[in-house]
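The next block holds one structure in the form of structure tokens; read it before the comments.
The values are calculated or read from the model by the stated rules, or taken from the named source; none is laboratory data. For clarity, every value in this text was computed on a predicted model and none was experimentally measured. Here the Cβ is made from the backbone with ideal geometry for all residues, glycine too, and neighbour counts use every protein chain on show. The protein model used for the area step is the full one, side chains on, heavy atoms only, and it has no ligands, DNA or RNA in it. Shrake-Rupley method; radii C 1.70, N 1.55, O 1.52, S 1.80 Å.
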Amino acid sequence: MKLQGKSVVVTGASSGMGKAIVELFAREGASVVAVARRQSRLEELAASLADAPGRVLPYVGDVSKKETNEGMIDYAVAQFGRLDILVNNAGVMDDMSPIGDVTDERFDQVMKINTYGPMYAMRKAVQVFLQQGGGNIINVASIGAMRSAAGAAYVASKAALVAMTKNTAYMYIPNGIRCNAIAPGGINSEIGSSMGMPNMAGYGRVKNVLATAPAPGSTEQIASAAIFLASEDSSYVNGDVLVVDGGWIAG
């Protein structure tokens, strides 16, 4: 098992990519704190993995809030004695608004979940990693950070996350802390439900990019990328953005 004895925190764990990551990590022996807002789904997930080699403990919270991000790290250390891996997976879409139409409320919402939340979690986790002598961060970004496949708020939030990933990797090389990102393309998940009614001007432009996308990938394919970055298989990979998009960005 690739993660035997490892302590992990995964956000956005109640559905989609986060759920698939928790399932695979637990089957690979990890002890996982699964973080999301929906308690019933987290409890169902933990129950479904009761016979897995690893453990899954639900942690209910809103990752847009500093106290949730700091609390989940403290909880993992309290329960498992250490933290080895942080997976910042939770994310929200925007409504595809171009910059001229984006509202303060939408921009704040997207940035708080997609950028501020991971920043709070990374800051807290790094403090633990420095005391331990190392650790591993995996951020779920998006190919939206590399091409205009969404609105201004979403692409800005994911580009900022990529920049934080690379900066963190470089800054903490001497401390044994790795930090990488996964950039999914179109994945069959629930994130689209957070978009609401799209801005038609923005969607009219973005649909030209979306039209070139291959068939959507699966959440399990993202989980497989995450297990690679979490394990010793990627021990010399640091500051990288692993694109998992079926070749979409290559076109």
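Per-structure values
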item	result
The chain - charge dipole about Cα centre, Lys and Arg +1 at Cβ, Asp and Glu -1, debye rounded to 20	260 debye
With all protein chains modelled, accessible area of residue 65 [1.4 Å, Å²]	90 Å²
Cα centroid separation - region 75-128 against region 149-201, whole Å	9 Å
Neighbour net charge for residue 234 - beta-carbon separation under 12 angstrom, K R +1, D E -1	-1
Carbon/sulfur fraction of accessible area - the chain, other protein chains in place, 1.4 Å, %	51 percent
Average accessible area per residue (Å²) across the chain - probe 1.4 Å, nucleic acids and ligands excluded	44 Å²
Formal net charge of residues neighbouring residue 201 (Cβ-Cβ distance under 15 Å; K, R +1; D, E -1)	0
By average C-beta atoms within 10 angstrom, highest first, the peptides 178-186, 216-224	178-186, 216-224
Net +/- balance of residues flanking residue 26 in space, Cβ distance below 13 Å, scoring K and R +1, D and E -1	+2
Of 2/124; 112/158; 65/124; 66/112, those spanning more than 18 Å from alpha-carbon to alpha-carbon	2/124
HN-Hα J in Hz across region 139-149 - Karplus 6.51, -1.76, 1.60, θ = phi - 60°, x for Gly and Pro	9, 8, 8, 5, 5, x, 6, 10, 8, 7, 9
Whole-Hz couplings from phi, Karplus 6.51/-1.76/1.60, listed for region 172-180; x for Gly and Pro	10, 3, x, 9, x, 9, 9, 8, 10
5 angstrom amide H check on residue 187, placed H, neighbours 5+ away	217
Phi-based couplings in Hz for region 57-72 (Karplus 6.51, -1.76, 1.60; Gly and Pro marked x)	10, x, 9, 8, x, 9, 6, 6, 9, 4, 5, 5, 5, 6, x, 5
MRE, 222 nm, helices only [DSSP H, n ≥ 4, -39500 (n - 2.57), over the chain, to nearest 500]	-13000 deg cm²/dmol
The chain: relative contact order as a whole-number percent, Cα under 8 Å and 6+ apart	21 percent
Geometric extent, Cα atoms of region 1-128 - Rg, Dmax (angstrom)	15.1, 51
Most fluctuating residue given options 58, 98, 214, as computed from a GNM of the chain linking Cα atoms under 10 Å	214
